[in-house]
Amino acid sequence: MAPRYREIADELREAIYRGDYRPGDLLPSGEELSRRHGISRETASKVHRLLAQEGLADAVRRGGTRVRINPPRRLITRDRKAYRDEIGYFFDTAAQNWRALGPVRIARVPAPWDVAPLLGIEPGTEVLIRDRVIGDPGTGTVHQLTASYLPLALVAELPILEATDTGPGGIYDRLEEAGHGPLTWHEYLTARAASAHETEAFGLRAGVPVQRLIRTSTDPGGLVCEVNAISLPADRVEIGYRIERDTTAIHAGP
């Protein structure tokens, strides 16, 4: 049997999904839940905390618990193409006008657990990171956090990879000019709980995760030259793909 607070949270969740409670509406108070279901105030508090952890509600100081008002969602349609303009490479047409909202952070750091295997190294092995906050330069809105991880052997071969300004076309042009091209890219979509840095940068509320796009840049010899890890706020972004019909899916008729 599920704990009583979970059963009550299930009922409220279904009511929210049905539209009985609209975004911004006040949910039953702890006192009301206690009276209605014969539970303690601590158990009632667990109901509210669970719904907040799931991203369905917000606790308002001295204002009760309300159904969360989610921000408008922005659709990013990824068409599996790499583009290049006068500034450099980009992988979404929607992102062409986005810019770094501050200086790039360049440092030598331990490779994260989800990046190291893609580079063929052990987690914790030192790598170069090029870390940027990307968004709308007009409004200052942060759209994504982007971190490029490069193996130090490649940095020793191409010291410009550690420069603040890597020139037109960025690191991809420098890699290809040095004989590591043409690069090919593979992308993986995952999700995880937001870190403290991501929560602050995006202004996320409790329970909101981030989507993670992990992209590898591989040279013709099979060397993974870079892993690009992109974090996106999951409450504001939808990733869309155009699905093409394969020849095997063409209906021949009745």
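Per-structure values
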quantity: Selection from region 111-133 of residues that are open to solvent by 30 Å² or more (accessible area, probe 1.4 Å) and under 17 Å from His197 (Cα atoms); calculated: Pro112, Asp131, Arg132, Val133
quantity: Criterion (among the hydroxyl-bearing types (Ser, Thr, Tyr) and surrounded by fewer than 17 Cβ atoms within 10 Å (Cβ to Cβ)) met by exactly one of Thr146, Thr166, Thr93; calculated: Thr93
quantity: In region 42-66, the residues that are surrounded by fewer than 17 Cβ atoms within 10 Å (Cβ to Cβ), within 21 Å of the chain's Cα centre (by Cα) and in a helix (DSSP H, G or I); calculated: Gln53
quantity: Qualifying residue in region 199-217 (condition: part of a strand (DSSP E or B) and in contact with a His (Cβ under 8 Å, 6 or more places away or on another chain)); calculated: yes
quantity: Boolean, Ala196 is open to solvent by 40 Å² or more (accessible area, probe 1.4 Å), free of Cβ contacts under 8 Å to residues at least 24 places away in the same chain, farther than 18 Å from Ala234 by Cβ and out of contact with any strand residue (DSSP E or B) (no Cβ under 8 Å at 6 or more places or on another chain); calculated: no
quantity: Test for Arg212: is it among the charged types (D, E, K, R) and open to solvent by 50 Å² or more (accessible area, probe 1.4 Å); calculated: no
quantity: Of all residues making up region 141-160, the number that are more than 15 Å from Val109 (Cβ to Cβ), more than 15 Å from the chain's Cα centre (by Cα) and touching a residue at least 12 places away in the same chain (Cβ under 8 Å); calculated: 4
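The values are calculated or read from the model by the stated rules, or taken from the named source; none is laboratory data. Computed from a predicted model, the values in this text were never measured in an experiment. Please note: Cβ atoms are built from the backbone with ideal geometry, for glycine as well, and neighbour counts cover all protein chains shown. Ligands, DNA and RNA are stripped out before the accessible areas are found, and what is left, the full protein with its side chains, is counted by its heavy atoms. Shrake-Rupley method; radii C 1.70, N 1.55, O 1.52, S 1.80 Å.
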